[in-house]
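The values are calculated or read from the model by the stated rules, or taken from the named source; none is laboratory data. Just so we're clear, the structure is a prediction, and the values are computed from it rather than from any experiment. Heads up, the Cβs are rebuilt from the backbone with ideal geometry, glycines too, and the neighbour counts pull from every protein chain shown. Note: accessible area is taken over every heavy atom of the protein model, side chains too, but ligands, DNA and RNA are not part of it. Shrake-Rupley method; radii C 1.70, N 1.55, O 1.52, S 1.80 Å.
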Amino acid sequence: MDRLLRRFLSQFIRHGSMTVTTASGMKFTVGDGIGEPVEVRFVTTDAQRRVLINPELGLGEAYMDGEFVVERGTIADALAILLDQPDVLPQWAKPWWHLRYLTRHLKQFNPRSRARSNVAHHYDLDGRLYSLFLDADKQYSCAYFETPETSLDDAQLAKKRHIAAKLQVKGGQRVLDIGSGWGGLGLYLAEIAGADVTGVTLSTEQLQVSNARAAERGLTGSARFLLEDYRDIDGPFDRIVSVGMFEHVGVKFYDTYFKRCAELLSEDGVMLLHSIGRSQGPDSTNPWIAKYIFPGGYIPALSEVLPAIERAGFLVCDIEILRLHYAETLKAWRERFMARREEAVQLYDERFALMWEFYLAACEMTFRKQDMMNFQIQLTRRQGVVPVTRDYVGHEEARLRGLERSAKPRLRLAGE
């Protein structure tokens, strides 16, 4: 098995420098020797077998179980090499990819009951876990780094401001936030833009925090959060926004999603969809991510999204691609998590901490080295609703900055 592992890794890893020690003690180096060297070790032959059989699933499981150890560098360094090769997948892993692609619609079948259980799997974890690595506003989606020096908190505020500017929210307008998270964007739109916000989530933990934060800031009259599926909410709304939720919809439900949004949006309304996307066409969900992190999740290509938008009768007014912004967001999250890693172990256990470490590192390097990005699509139901040039975005952001400066200081709930 050692020789087989060496042969396969030598064929796959052609860039970088990785020294591998097998469970039996055999040591070999693969790659072209360029870059900072990384050294890894397999603790058991079972871990080697799992990586050889199904590397996309087996590597993460071996790391979680302490059977794949990085002895020089970090798991992020190791994944930076593995995800920066000429071939996206090792040749021996491609049959698994074809099988996943053929069955992906079954894995993404998300009726109401399944959608709720999938959300609970990830978002109803102990709230203290997310406080270890998110910004103070608990924004769990791609930030918007206006400069390389921008802090995570400022980048998340800039994301909310950027979205609000594209929505052109006016005081008193009804706004629907689909997938409202811990309420940060909805509260921003209510407090800074003066909107009347309804947020919907399928996470009971997020619901409680969102409504508590609205009460804390005296915004219960203008920001309310409901445990509701977007398919069941009543309209109409002047604005609809959805950030980081579309990845949980599933390809089979794209028509349902956009048709329902079109029904909920007023004739003169504006919708803004913010989602992770793929730059190189349809694919399937990584099996480790699907099993341990986001069951039922799928990251779409624009070629899968735009036809459903067209069929719903929407007009696409603007598409912006955020390149590398999520890589920087994930880097900040990973560094914050590692600084407080022992607290995560106390909340759960060592295996969970290793799982979360692998998750953040793998996602960062996928955005940094491969074809992942974020897109923002601005939609209307008719022509002439938004200005014909993009100048208005910057002007509106400047106006919102002024309103932010005059807003009262943010309060924090105990435990945040």
Exercise. Determine the order of Y392, Y348 by accessible area, beginning with the largest, at a probe radius of 1.4 Å.
Key: Y348, Y392
Quiz item: HN-Hα J couplings of the stretch 378-392 from phi, Karplus 6.51/-1.76/1.60, θ = phi - 60°, integer Hz, Gly and Pro as x?
Solution: 9, 10, 9, 9, 8, 6, x, 7, 10, x, 7, 10, 7, 4, 4
Practice problem: Could you look at the stretch 185-279 and say what percent of its accessible area is carbon and sulfur, using a 1.4 Å probe and all protein chains? | Solution: 48
Quiz item: Which trypsin sites (Lys or Arg not before Pro) in the stretch 1-68 pass both tests, a DSSP loop state and at most 14 other beta-carbon atoms within 10 Å?
Solution: R14
Quiz item: Which residue fluctuates the most in the chain, going by a Gaussian network model with Cα springs under 10 Å, if the choices are H325, H248, H395?
Solution: H395
Quiz item: Near the amide H of C317, under 5 Å away, which other amide H atoms are found, from residues 5 or more places off or on another chain, if H is placed in the peptide plane?
Solution: Q378, L379, T380
Quiz item: In the stretch 289-339, which trypsin sites (Lys or Arg not before Pro) fall in coil by DSSP and have 15 or fewer other Cβ atoms within 10 Å?
Solution: R323
Exercise. Using only alpha carbon pairs under 8 Å that are at least six residues apart, calculate the relative contact order of the chain and give it in whole percent.
Key: 18
Quiz item: With Cβ to Cβ distances under 14 Å as the rule, what net charge do the other residues near T44 carry (K, R +1; D, E -1)?
Solution: -2
Practice problem: Could you work out the relative contact order of the stretch 268-348, using alpha carbon pairs under 8 angstrom and six or more residues apart, expressed as a whole percent? | Solution: 22
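Sort S266, S406, S242 by accessible area with a 1.4 Å probe, largest first.
S406, S266, S242
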Quiz item: What ranking of I293, I319, I276 comes out by heavy-atom accessible area, probe 1.4 Å, highest first?
Solution: I319, I276, I293
Exercise. Any chance you could list P(r) for the stretch 289-416, counting all Cα-Cα pairs in 10 angstrom bins from zero, rounded to whole %?
Key: 10, 23, 28, 27, 11, 1
Exercise. Considering only G313, G60, G33, give the residue with the highest GNM mean-square fluctuation for the chain, with springs between Cα atoms whenever their separation is below 10 Å.
Key: G33
Practice problem: In whole angstrom, note down how far apart the Cα centers of the stretch 47-73 and the stretch 253-299 are. | Solution: 30
Quiz item: What whole-number value in Å² describes the accessible area per residue of the chain for a 1.4 Å probe?
Solution: 42
Quiz item: Non-local amide H neighbours of G199 (under 5 Å, H modeled in plane, Pro and chain starts lacking H): which ones?
Solution: D177, R224, F225, L226
Quiz item: Ordered by residue, what ³J(HN,Hα) values in Hz, to whole numbers, does the stretch 302-310 give under the Karplus form 6.51 cos²θ - 1.76 cosθ + 1.60, where θ = phi - 60° and Gly and Pro are x?
Solution: 4, 5, 8, 8, 4, x, 5, 4, 5
Self-check item: Accessible surface of the stretch 294-416 [probe 1.4 Å, protein heavy atoms]: carbon and sulfur percent
Solution: 52
Quiz item: Using a Gaussian network for the chain with springs between C-alpha atoms less than 10 Å apart, which of these wobbles most: V251, V270, V30?
Solution: V30
Quiz item: Just one of (1) 129; (2) 177; (3) 138 is volume of the Cα convex hull per residue in Å³ calculated from these coordinates, so which is it?
Solution: (3)
